[in-house]
Amino acid sequence: MSKQATIIAEEYDYIVVGMGYAGAIMTARLAQRAKGKKILAIEYGGPVHASTGGATVENATIEMTADMFQNSGLPNAGNANPEPVTMPDVPGNYNNVAFREKYGGGKFDMKEFPSCWQGVGLGGNGLYNGALYQEPADWWWNDDVHNDIFLTEKQKAAGNKNTYDIMKGYFEKVRAALDGGMQSHPSEDGIHYNHGLYDIIRPHLLKNNFDEVDIDTLDLTAASNRFFTVPAVNVKHGVRTGPRAWLEMVIDNDGNVKKEFPDLSLLTFAKVEEVCLDSAKTVTGVKVSPSGAREGGLNNWMTKDFAANTVINVKEGGKVIMCCNALPTARVLYKSGIGCKTLNQKVMPGSEKHGTVTFIVDNPAVGTVVSEHVSTSLGMKYTGPERPQPHAVHYDPGDYVGNIDFLKQYSRFKSGPYAQFGPVVASHFVADMSEIQGLNKLYPGKEFESTLTTGVDPKTGLKNVTTELFYNPYGLGYPAPPVSNPGLNPYNGPGTFTIACMLLSPEMRGLFRLKDDNNTAQYVEVYMSTGAAPWDPSEEERKELVLPDYRKQAEHDVGVMTASIKEVLSLTADDPHIDLTLGPGDKQTLGYKVSVKDDDGNSKDVAIGDLDRTNADHVRAYVEFYDKQEYQEFTVNGEYLSITRWQENHYNSTAPLARNLDVFGNDLGDRKSKYGVDPDTCEVRGTKGLCIADSSLFPKVVYCHPIGAVMAMAEWAADQICPEE
């Protein structure tokens, strides 16, 4: 019997689904704690990091002269840092790997998510982002909903006064595991590359009363509500880290489970189709199929000797633990018959059509309260005189031949531009809603001018942050290159950069939905979308499920974003050397028109390039504009530009924790027995033995970049599911 067949034939005490940030942590902790218990970890993709079996050859391309990366691990090659790496290990290269067909070739994502890109492999979706490491400020944790979930009588007896007190201990665990892998200056030579952009923006932020925060500030409790800094990222010794820190605890550099964990098995390139439940809704196992992910790496059993929908069983009393990120977890729950019965046909419209999956476990919180960060982008260009900036290197990361010297520097010393992530400036602030005064009067029935829901910090009496502003020397969104230089990212080049304005606590929620095939995920619409859609819960359904009107919440978000963008545009408006290249009044984007109103309430269409950036309604029109992914048509001076608005792929809340309150702070009452996930066991209510440990659990979108909080939550979940003795 093959190794793969042996794994599938076994019965397990624990099955972990997904080996991203949460799954890597859960698997490592189970292996360390549950001695004598059989554990199976299942991953849709395969090894990615060189340190856990990723193959340098498989992940390389001819252009990058891959032998440098392969030989970087040879001590006799004269390397100061002899560690082999794969392309995804390289901080400055991640955006070339995952999102470009030329390099990724579809290897790194789930085909079931054609719109909401979901990365795969040992390390998961978080391998393919900027890896900013931030820990949410105390005020975000210490609201009524979080305290209701986490602050139990037992925790109070232990001396904890609030959720932040509890989670601090889990962030300490995360920091200990990462062992220094959170740095603002990731290059091994200590230089912050592309710092020229920071130098250009810094005086404008200081002049506008932003506080400059020390580098390597991780816990945002230490920051004010109006600050900027060089963000910390998950890098150690010049190489990407994060989930890798936990993967290396249990997996060797050939991609095999370490010998000291004989009860742990790993099944790669396999997707879990559904969780098997018996008539009592107790978990009995999972159904797996070959994932179809492009194969690569070492020891990955290239020949799949198991059929689609093969069942792998758990022992009586065993657990299946979902760790495959918020959206993939929701997809598996739906396909397993777990979801909101009231909205069954709206979120799985193929159920009736195919006579297949209907929700046999009614859990109204699953897939109905999805939260996410949303952003609006701007493009700017520095036109001033050249200044000596030896460490501000603007280059095309994908031009491996043209950047041979940078590659040599990285492969030998793990330093230089290829060790640098973007963005290079991160800032938080509170939207000034007085900037949009009069919008509600202009649009009767709309609620653009709403009260901020982030509240006031009781320690300072100041309003809490609503918005993040980050400046990036690389393009954002879909990587459509300029026509003048197809090798470049959209805004990449001397003096050009993007600005992303991200709502940290948006109000709008969305529904996770599948297409008619009951298999492929739809795009989760949570981006300030004010127009009604056929799948929206009706007024009667909202009343039954105690849901707010998500479209009204979207209006609130539009107001906050408009106020935020209006202020961001003003920060550099008096600088003659900074020109707006994408945004309201850019004088270039004339092919797209938006509807605005004059002071008398009369509507008119105005080109984006002619909008008045000081007029709140004109800025609102830009905020609500969407190019509908017409990347090859949306041009500025003949250059293709990326999307003007996007969701950040920071999805949360598809199966949220809940004790006595729902995610909106309403008392659950009779709804408690079937709502969300039980905080004491991490079990999906309505089931037995089916647990969740990933970003699905957050009752609202994480304030700040989420990977730090996801890791802390996974450590917390491990303690609920299999506590340390």
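The values are calculated or read from the model by the stated rules, or taken from the named source; none is laboratory data. Please read these numbers as outputs of a predicted model, since none were measured by experiment. Don't worry about glycine lacking a Cβ; one is built from the backbone with ideal geometry, like all the others, and counts go over all protein chains shown. SASA here: full protein model, heavy atoms, side chains in, ligands and nucleic acids out. Shrake-Rupley method; radii C 1.70, N 1.55, O 1.52, S 1.80 Å.
If you keep only loop residues by DSSP, which trypsin sites (Lys or Arg not before Pro) in the stretch 144-208 have at most 15 other Cβ atoms within 10 Å of their Cβ?
On the way: sites: 154, 156, 161, 168, 173, 175, 207; in loops: 161.
When the trypsin sites (Lys or Arg not before Pro) of the stretch 144-208 are filtered for loop state and at most 15 Cβ neighbours within 10 Å, 161 remain.
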- Query: So how exposed is residue 382, as accessible area in Å² (1.4 Å probe, rounded to 10)?
  - Reply: 40 Å²
- Item | FRET efficiency, residue 520 to residue 10 (Cβ-Cβ, R0 45 Å, nearest 0.05) | 0.90
- Could you tell me which of rounded, prolate or oblate describes the stretch 138-293, using a ≥ b ≥ c as the square roots of the eigenvalues of the alpha-carbon gyration tensor, with rounded for a/c under 1.5 and, failing that, prolate when a/b is larger than b/c and oblate otherwise? oblate
- PRE reach from residue 681 (point 7 Å along Cα→Cβ): which of the stretch 25-55 fall under 19 Å by backbone N? none
- Message: So, taking all protein chains as they sit and a 1.4 Å probe, how much accessible area belongs to residue 433, in Å² rounded to tens?
- Response: 40 Å²
- How do 525, 153, 188, 112 stack up against each other in accessible area, from largest to smallest, with a 1.4 angstrom probe? 153, 188, 525, 112
- Note on the structure: Taking a crude spin-label model, label points 7 Å out from Cα along the C-beta direction, the residue 538 to residue 552 distance in nm is 1.9 nm
- With a Förster radius of 35 Å, plug the Cβ-Cβ distance of residue 724 and residue 252 into 1/(1 + (r/R0)^6) and report the FRET value to the nearest 0.05. 0.90
- Query: Which of the residue pairs 173/287; 3/236; 207/441; 446/700; 566/587 have a Cα-Cα distance greater than 22 Å in the structure shown?
  - Reply: 173/287; 3/236; 207/441; 446/700
- Query: Using 7 Å Cα-to-Cβ label points, what is the residue 259/residue 115 separation (nm, one decimal)?
  - Reply: 5.1 nm
- Item | Paramagnetic reach from residue 237 (point 7 Å along Cα→Cβ, amide N under 17 Å) across the stretch 181-197 | 181-183, 186-190
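How much length, in nm to one decimal, is gained on full extension between residue 672 and residue 574, taken as 0.36 nm per residue of separation minus their Cα-Cα distance? Write down the numbers at each step before the final one.
On the way: separation 98, 0.36 × 98 = 35.28 nm, distance 5.49 nm.
Using 0.36 nm per residue and subtracting the Cα-Cα distance, I get 29.8 nm.
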- Note on the structure: Given backbone amide H placed at 1.01 Å from N, residues whose amide H is under 5 Å from that of residue 233, ignoring those fewer than 5 places away on the same chain, are 133, 183, 184
- Between residue 199 and residue 587, what is the label-to-label distance in nm when each label sits 7 Å out along the Cα-to-Cβ direction? 2.6 nm
- Extension reserve of the residue 453-residue 207 stretch, reckoned as 0.36 nm per residue once the Cα distance is removed: 85.8 nm
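Accessible area of the stretch 549-617 with a 1.4 Å probe: how many percent of it is carbon plus sulfur?
Details: 1140 of 2710 Å².
The value for the stretch 549-617 is 42 percent carbon and sulfur by accessible area.
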- Solvent exposure, largest accessible area first (probe 1.4 Å, DNA, RNA and ligands not counted), of 182, 348: 182, 348
